[in-house]
Every structure is written in structure tokens, then in C-alpha cells.
Amino acid sequence: MSKKDNEAMERIRSYMEQQNRPYSVNDIFMNLHKDIGKTAVQKALDQLVSGGMLREKSYGKQKVYVYEQSHFPSFDENKLKELDNEIAKLNESVKEKEKLSTEAEAKLRGLNSSLTTEEAMKRIAELEEEISTLQNKLTNLNQQPRTLVSKEEKEKIEGESDNMNKMWRKRKRMAMDILDAILEGYPKPKKVLFEEIGVETDEEVGVALKKV
């Protein structure tokens, strides 16, 4: 047998051992990118079968070849069970890490969509100014001398008062939501934050919203 034939046979033997799957002559010819002629492939397979490295099986007119399993080391059943257990643990670990990753991504999206501290402070200042304006309007209304008004005027005033009350509650809720968002990353108590940024609550200034 020539050196070229020996090289072809060794290459096919190595390929069949690595793949450890049944292949026909044509499969091997194509899988080796036609580097070895089909006749040479068949010749090498015949030599490997006769040498006990491969097994040949016939299915009708079709012949397939597979690496002789006795050449592989025997499997340790206990070792296989250990590997199966290790795989199961790794799968659980992957699932847990995927869960943590999903939660972290959701939290990150939430943080990215939230106001920055600077934006929140600016919004609080705007809301405080609007609340102060509303408080002044309410104070002025309370201090005005009482005069008899018609039913229509009374209903109009009450409607405006209700609207202002609703707006007040809405803006107060918005302000508190923003403050709560700041407090999530603020290391000190709420009272300290309010003192630092100059926030006064309705309770501190003795203002009570109209009950709905």
C-alpha cells in the first residue's frame, strides 16, 4: 500500500472515530470535501473493516460503516450519573442566572425611564411654586369679605374650588411620587431630604385639603 493510501486510510479512520456515526461511502466522500477520491475512500474502508477498525453493515444495496465500539474505553456508570447530576445542577444555575438577568434588565429599564435627581428637583420646585400659587389664591378667597351670592355664582365658585382641590391633590401626589423615587436612592430619612431641599408639607403649614 502506497504512502498516499496509508494517509487516506488514517484520515478516514480518524474522522470515523471522531464522528462515531454511521456513514456511507458517499457521505464520507462528501464530508471530506472530496479531497479523497471515492474509489480511494472505498478501498480505505475495506482495509479498515478487514483490520477490525470499522464495522460494515448492509441495508439492501446500501452499505454503511461505523467505528468499532470496542476500541472506545468502557463507560463508568457511576461517572455517567455524576455527570448527569452535574449537568442538571448547571442547568438550574443557568436558569437562575437567566432569571436574575431578566430582573436586572427590567430594573435597569425602570431606572432609565425615571427622572434623574436634577430633573426631579426641578420638577419639585415647579410643583411647589404651583402649590404656593394655589394656596395664595385660596387664602385670598378666604380673606375676602362675605357677600351674598346667587345660587349660580355659588355653584360656579364651588366648582372652581373642587377643581383646584383636585389639581392640588394631583400635584401633591405627583410631588410625593417624585420624592419617593428620589428616596429609593437617598441614604437618609425622608425628613432629612425635605429639610435639605426645602419642602414643606401641607401638615407642617397647617393646610388641610377639602375632603372629597
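Consider Ile28 against the criteria (1) loosely packed, with under 10 Cβ neighbours inside 10 Å; (2) over 43 Å from the mean Cα position of the chain (by Cα): it satisfies all of them except one. Which criterion is unmet? Ile28 satisfies all of (1) loosely packed, with under 10 Cβ neighbours inside 10 Å; (2) over 43 Å from the mean Cα position of the chain (by Cα) except (1). Candidates in segment 130-185 are the residues that are hydroxyl-bearing (Ser, Thr, Tyr) and modelled with pLDDT of 85 or more; of these, the one that is farthest from Lys107 (Cα to Cα) is Thr133. Residue check: Asn78 meets all listed conditions (1) out of contact with any strand residue (DSSP E or B) (no Cβ under 7 Å at 6 or more places or on another chain); (2) modelled with pLDDT of 95 or more but one, namely (2).
Return yes or no: is Arg173 in a helix (DSSP H, G or I), free of Cβ contacts under 8 Å to residues at least 24 places away in the same chain and within 20 Å of Thr201 (Cβ to Cβ)? Here the answer is yes, as Arg173 does meet what is asked.
For segment 43-99, the tally of residues that are within 22 Å of Arg21 (Cα to Cα) and surrounded by 10 or more Cβ atoms within 10 Å (Cβ to Cβ) stands at 26. Given the condition of a type in the set (Ser, Thr, Tyr) and within 30 Å of Gly198 (Cα to Cα), answer yes or no: does some residue in segment 83-95 qualify? No, every residue in segment 83-95 fails to be of a type in the set (Ser, Thr, Tyr) and within 30 Å of Gly198 (Cα to Cα). Of the numbered criteria (1) surrounded by 10 or more Cβ atoms within 10 Å (Cβ to Cβ); (2) at pLDDT below 80, the one Ser113 fails is (1).
The values are calculated or read from the model by the stated rules, or taken from the named source; none is laboratory data. All of these numbers come straight from a predicted model, not from anything done at the bench. Every residue, glycine among them, receives a Cβ derived from its backbone with ideal geometry; neighbour counts consider all protein chains shown.
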